Structures are given as C-alpha cells and as structure tokens.
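A short write-up of the structure that comes next.
The values are calculated or read from the model by the stated rules, or taken from the named source; none is laboratory data. Here the structure is a predicted model, which is why all the values come from computation and not from measurement. For neighbour counting, all protein chains shown are included, and Cβ atoms are generated from backbone atoms with ideal geometry for every residue, glycine included. Surface areas here come from the heavy atoms of the whole protein model, side chains and all, with no ligands, DNA or RNA. Shrake-Rupley method; radii C 1.70, N 1.55, O 1.52, S 1.80 Å.
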Amino acid sequence: MCGIVGYIGYRDAYPIIMKGLQRLEYRGYDSAGIALFDGNQINLSKTKGKVEDLRNKSERDISVNGTLGMGHTRWATHGVPNDVNSHPHYSNSGDLVIIHNGIIENYEAIKTELKKRGYVFESDTDTEVLVNLIEEVKKKEKVKLGKAVQIALNQVVGAYAISVFDKQKPDEIVVAKLGSPLAIGIGDKEFFIASDASPFIEFTNNAVYLEDEEMAIIRPGKEIKLRKIKDDAVAYPMIQELQLNLEEIEKGGYEHFMLKEIYEQPRAIKDTYRGRLLVDQGLIKMSGIDDNLEKFLNANRIIIVACGTSWHAGLVAEYIFEDLARIPVEVEYASEFRYRNPVITSNDVVIAISQSGETADTLAAIKLAKENGAFVFGVCNVVGSSIARETHAGAYTHAGPEIGVASTKAFTTQITILTLLALKLAKEKGKFSESKYHEILTELENIPSKVEKALEANPLVEIIADVYKNSENCLYLGRGYNFPVALEGALKLKEISYIHAEGYPAAEMKHGPIALIDEQMPVIVIATKKGHYEKVVSNIQEIKTRKGKIIAVVTEGDEQVRDLADHVIEVPETLECLSPLLTTIPLQLLSYHIAVMRGCNVDQPRNLAKSVTVE
Ligand code: AGP
C-alpha cells in the first residue's frame, strides 16, 4: 500500500507534496521520492527511508521550485527498498515520470519486449516498466500522453493507481486507477492527487474518487476529462463534498486501524494470491518456491518457526501440508526452538513466518537452522525486512502495512501463502486428483468474497460482545483445521481486551478444562459443517449440560447447533482446508468489539509492541 501525492496549479508544489507524503506514511514507507517540474526540467529526488530523509536529501540536492509535481511513499512489493527502486521513475527519454501504487503482474513479459526494443532499466520495479511502455506507445502510435496511458493500461494485468506527467506538456497530469485507491482534490484553478484525501483536505473538501478502470486528464482551469480505460467512453466525475477529518481519513473512516485491517482482508488475500494463483491454467506461480522446488520435494520434514499469531498460522499450515501434501511438519515456537538444541539436518526445510520480519526469536531460529544446513524459506509482510533478507528464499504476503498491534490480515494472508505452497507441493507429489486440485484452487479464489460475507455478521457479533464484555474468562474450542483458529481467537481476545482466554482442541475438554465450565464461562466453539462436526456437537452438549454459555461459529444454514447454542454466528460454507480463512473473521470482530466496549486501547494494547525485536 504505497502513498501517492500530486499537485498541479498555481502554488508551490513542494511543500504541499511533502506534507501530503507525511500524512500518507501510515500507508507504509520504506522509501520515498518526489519529482517537480520547474518550468524547464524535471527535478527528481528519491531515497530509501522515511519522508523526513527525502526532505533532507531533496532540499540538499535539487531545486524544489515548480507548480507541478508528484511524490510517493513506497511499501515495496517488487524490488527491495533502496534508492533506485524508489518512485518516481523516469522513462528512458527522461520526458515522462510516473508514480504507482499497486502490482503489475505481467511486467516481466513487457520488460523483455521493451528490452528487445532497446529500452534499458535501472530498477527491479514493475513501475519503471510501465512508464517505458507508455513511452513506447506514445512514440509508436504518435499519440498524446493521455491516449498513450490508456493504450498501455489495456496491455497490463494487475492493480494500479498511477500518476504520470510529460515535461514536454507540463500543463497536465494523467491519472488512472484499478484496484488501488486514487482521489482527486478539486480546487480553484488547481488539482490535487492522492491515495486518500488527507494530503489535500486542508485545501479543498471537494473530491472525485476514481472508479476502477477509470482515468483522468487533469489541467488547471479546465474540467477534469474522465475516461473509461477499456473503451475510452466518457465518464462523468461525481464530485463529493468530504466531511471527514484527518484522523478519520487515515483510518479509512473506521474507528481503529484494527477494524480497518479486519475489513481489508478480502483485498489483502486477493493481493496476496494475485499473479500467483492462476486457476484457469491450473497453476501456482511463486518464484521463491519454483526456484527451490526440489528442496521442498526432497525434504524429510518441514519445520515451521514463528511466534504469536504467526505461530498459529504455522499450525494451520501443519494441517494443510500433512493433509494435502503428506509432508511431515513440526511447528515450533521460535523462542523455544532457538534454545532447546533441536535436531536439524540438511534434509530439513524450515519455514519462518513473520508479519514484521523483525521478530528477534524468529530471526535467531533462522540463524540456528542455517548453521545446521537447513534450507530456510521466509513468509513475511515487510519487503526487505531482516527475516526476508536472512532467509534463503521466501514469499511476501501483500497485506499492506498492519498498523494495529493485534495481527488480523497478517494471519489470513500468511495462511493464503502457506495454502498455495501446500497445494503446489501436493500437486507436484501427485497426492491428489486433478479435479480435487482444481476444486481447491477455485474455492481459494472465491475466499475473498466469502470473507466479505463473513464480515456481514459484524452487527450480530457486536450484540454478542455486549453480552460478554464483562466476562473474566473465556474458552475457545475447535477441532482439526480450526483448533489453531481457537488458539488465535483466544490470543486476540486476551491481547486487546485483557480478558483471560484459552484455546483448546474441543476433545480436550474432558481432560480437565470442562471443570471450568459454569454459567459465568462463555465458550466460543467453532462448529462448521466440515471436519468432525458431530463430535463438536457432542462437545457443545457437554458444555450445555454444565450451563456453559455457548457462542458457536457455524456454517450458514446450520439449524442443529442453533438449537443448542446461546448464540450462533454464521460463516459461508467452504472446503475444510480453507475454513480457517473464514472462521477467524467473527473471532477477530468479537475481540475487537469487546475491547472497545471495555475502553481498551485497541490499536496499542498495554505492554505490547507491534514488532518484538528483543528477546
Ligand atoms: C498477534 O496479534 C501479536 N501481535 C503477536 O503475537 C505477533 O503475532 C507476534 O509478535 C509475531 O510477530 P511477527 O509476525 O511480526 O513475527
């Protein structure tokens, strides 16, 4: 989730852009850059680091004059964070400059073709490819920038919010959107461009939010020309008068980052499998795996090391890998693994899971595994993080920055990556039929819309939260694939509401925990139709007999559990191996609402840090 800001009008662009970039830093920053047109030339400065680093560098190195400019804070998806990979990017001629938020999936093929035509590239980014594709179209078709952008975008696959200008025609900026947000602030003889309204809300509250597959040619003093990218049809700008304040804009109108990130999960899961899950071709493409496939296929076992929520994602992966790919898996708390003198051999593959990519225990576990000859694969959300750099290979989740301390979209996107990996290995090992493989691929592609459906239970979950907000203890039960989800649900509740909560395999009740059951004990039971359903129903009956309060997460349409439980929250039906991606949603919402009702600091819970970089 990068941040983009642009300005064209009568004011000095530099201060507007720099302040706007600072306001967008919550969208992620590992590098930043700015391009200004001073009436004669484009002056461009960019650097790894924060916006403040960019301010120091640009004011030292370039002229910051000009009433036309664009700026960018990067949350890397392709190419590690460094000066060269930062945006803006020039075209080869130096006439065009672009900033981009999104992922161009087919950039490698386009890059190969452009290289054949003599284009050279200095960065590893998909964005530099896009600006040179636009330049090639402009030259070859002898069209203006707007038309060139439109033709070029009809050749790319992926998600984008872009802003481009041409120093040969400095009276306009061209913008376009598909999948990533882009707002146009409308002033008097001036226009602002940004990922959200926070950079321009102090100048104007009149804004147009581009729809997907729309583009605009913006010229000060003229009407915005809005076009459909596909067919050049005229689109009519719907000007909104914004009532949001700055803080509300950063949270996307949600009260907390955690709630915003819970609701971002459909988009985050889709972005994570974008370009990797190719259902029509029956393919799973992940370079970190494709280049090391033999290591995975010949591994004696897979050892997963992680902490907290990432460890829970690893536990889900154990069920998936062993069930589908028949590969032995051990899941280890990194903090234990690093000190217990584990047996590790060169036939082991270690998978390290970490949202931040900076967790000290996980980093230490990786180093221990490497010292003992294991191949180490990382699943991280932060490009260029310590863990991403320490592992031999890896795959990034594309969840975007996770600001809330309690991990939510990190959990579901980690499971998405691990599911893709398990499916790829199961297919390679011939562990299931083509039809079963295709069934799971198709269902995985449908998961984002089913997460959307699961989120519709939010109002009901809020009502349930109000009933149990003053509980002192809580039990979470699940079986099979949903046992790790029970653990994760308990962690969510305890870390943001400070209510003591424990997760158990449902069958473990009779081995002790059932002694805790009384009418004061809410028990959240994951009782979806797939996977030992009848046995979970018996567990529910055992709890009911002892007057426990039952909140059941069930498959939509379930009537049997509805007759037994005190509350029922429905999730759409899906395959058992994908059910954690849905059953976790109501548990995230439940912990969120209870914490809010208890007046807790949801985004920064007491005693916790977003990244535990110390032992
Ligand atoms: C989960 O909600 C917590 N924020 C915490 O358990 C977290 O998952 C753990 O610290 C691991 O962090 P990582 O994924 O960044 O390595």
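Under 5 Å from the amide H of residue 477 lie the amide H atoms of 504, 524, 525, 526, each residue being 5 or more positions distant or on a separate chain, with H modelled from the backbone and absent for Pro and chain starts. Stretching the chain fully between residue 142 and residue 202 yields a gain of 17.7 nm (0.36 nm per residue, less the alpha carbon separation). For residue 460, neighbours were defined as the other residues whose beta-carbon sits under 12 Å from its Cβ, and their charges (Lys and Arg +1, Asp and Glu -1) total -4. Heavy-atom accessible surface of the stretch 472-610, averaged per residue, reaches 37 Å², computed with a 1.4 Å probe. Count Lys and Arg as plus one, Asp and Glu as minus one, and take only other residues whose Cβ is under 15 Å from that of residue 176; the net charge is then -1. Rounded to the nearest whole Hz, the Karplus-based 3J(HN,Hα) values (6.51 cos²θ - 1.76 cosθ + 1.60, θ = phi - 60°) of the stretch 456-472 follow the sequence 5, 7, 3, x, 5, 4, 5, 5, 5, 4, 5, 6, 10, 5, 9, 4, 9, with x at glycine and proline. Element breakdown for the stretch 107-234 at a 1.4 angstrom probe: carbon and sulfur atoms account for 48% of the accessible area.
What distance in nm separates the simple spin-label points at residue 239 and residue 443, each placed 7 Å from Cα in the Cβ direction? Between residue 239 and residue 443, the label points sit 5.1 nm apart.
Along the stretch 197-212 the Karplus relation, 6.51 cos²θ - 1.76 cosθ + 1.60 evaluated at θ = phi - 60°, assigns HN-Hα couplings of 7, 4, x, 10, 4, 7, 9, 7, 10, 9, 9, 10, 9, 4, 8, 4 Hz to successive residues, with x for each Gly and Pro. With 0.36 nm allotted per residue and the present C-alpha distance subtracted, the residue 597-residue 52 stretch has 192.5 nm of extension available. Stokes-Einstein diffusion for the stretch 333-400, with the hydrodynamic radius set to the Kirkwood value over Cα pairs and evaluated at 20 °C in a medium of 1.002 mPa s, equals 182 µm²/s. Sequence-distant contacts, meaning Cα pairs under 8 Å at least 6 residues apart, place the relative contact order of the stretch 250-380 at 22 percent. What whole number of Å gives the distance from the Cα centroid of the stretch 118-138 to the Cα centroid of the stretch 416-443? Between the Cα centres of the stretch 416-443 and the stretch 118-138 lies a distance of 35 Å. Picking from 91, 386, 601, whose Cα lies most toward the positive end of the charge dipole for the chain (charges on Cβ: Lys, Arg +1; Asp, Glu -1)? Going by the charge dipole, the pick is 91.
Taking only the Cα atoms of the stretch 121-204, the radius of gyration and Dmax are 14.0, 42 Å.
Please give the net charge around residue 225, taking every other residue with its beta carbon less than 10 angstrom from that of residue 225, where Lys and Arg add +1 and Asp and Glu add -1. Within the 10 Å Cβ shell, the charges total +1.
Taking every DSSP helix (H) stretch of at least 4 residues in the chain, weighting each as -39,500 (n - 2.57) and dividing the sum by the residue count yields a mean residue ellipticity at 222 nm of -11000 deg cm²/dmol. Put simply, when 607-615, 350-358 are sorted by average Cβ atoms within 10 angstrom per residue, most first, you get 350-358, 607-615. In this Cβ point-charge picture (+1 for Lys and Arg, -1 for Asp and Glu), the stretch 455-558 has a dipole of about 300 debye about its Cα centre.
Here's how it looks for residue 613: its modeled amide H is under 5 Å from those of 360, which are all 5 or more places away or on a different chain. Binning the alpha carbon pair distances of the chain at 20 angstrom intervals from zero yields the distribution 20, 49, 28, 4, 0, expressed in whole percent. Between residue 80 and residue 507, the modelled labels are 4.6 nm apart [label points 7 Å from Cα along Cα→Cβ]. Averaged per residue, the stretch 314-459 has 33 square angstrom of accessible surface, using a 1.4 angstrom probe with ligands and nucleic acids left out.
Between residue 108 and residue 436, the C-beta separation translates, for a Förster distance of 35 Å, into a calculated FRET efficiency of about 0.70.
About its Cα centre, the dipole of the stretch 536-598 is roughly 500 debye, where the only charges are +1 on Lys and Arg Cβ and -1 on Asp and Glu Cβ. Each peptide among 447-460, 569-582 gets the average number of other Cβ atoms lying within 10 Å of its residues, and from highest to lowest they stand as 569-582, 447-460. To the nearest ten degrees, helix 483-497 and the longest principal axis of the Cα atoms of the chain are 70 degrees apart.
Close amide H pairs (under 5 Å, H built 1.01 Å from N) link residue 305 with 332, 351, 352, 353, residues at least 5 positions away or on another chain.
Angle of helix 107-116 to the longest C-alpha principal axis of the chain, folded into 0 to 90 degrees and rounded to 10: 40°. Each Lys and Arg contributes +1 and each Asp and Glu -1, all at the Cβ; summed about the Cα centre of the chain, the dipole is approximately 960 debye.
Protection proxy ranking of 53-64, 223-234, 527-538, by the mean of other Cβ atoms within 10 Å over each peptide's residues and highest first, is 527-538, 53-64, 223-234. Heavy-atom accessible surface of the stretch 1-132, averaged per residue, reaches 35 Å², computed with a 1.4 Å probe.
Assuming R0 = 22 Å, what is the FRET efficiency of residue 345 and residue 291, from their Cβ-Cβ distance, to the nearest 0.05? That pair, residue 345 with residue 291, gives E of 0.50. Quote to one decimal, in nm, the extra length available between residue 219 and residue 614 on full extension: 0.36 nm per residue of separation minus the C-alpha distance between them. Taking 0.36 nm per residue and subtracting the Cα distance, the gain is 137.1 nm.
For the chain, the longest principal axis of the Cα atoms and the long axis of helix 308-320 meet at an angle of about 70 degrees. Less than 18 Å apart at the alpha-carbon level, and either on another chain or at least 8 residues along: which lysines does that give for residue 144? Straight-distance partners of residue 144: 167, 169, 222, 225, 228, 230.
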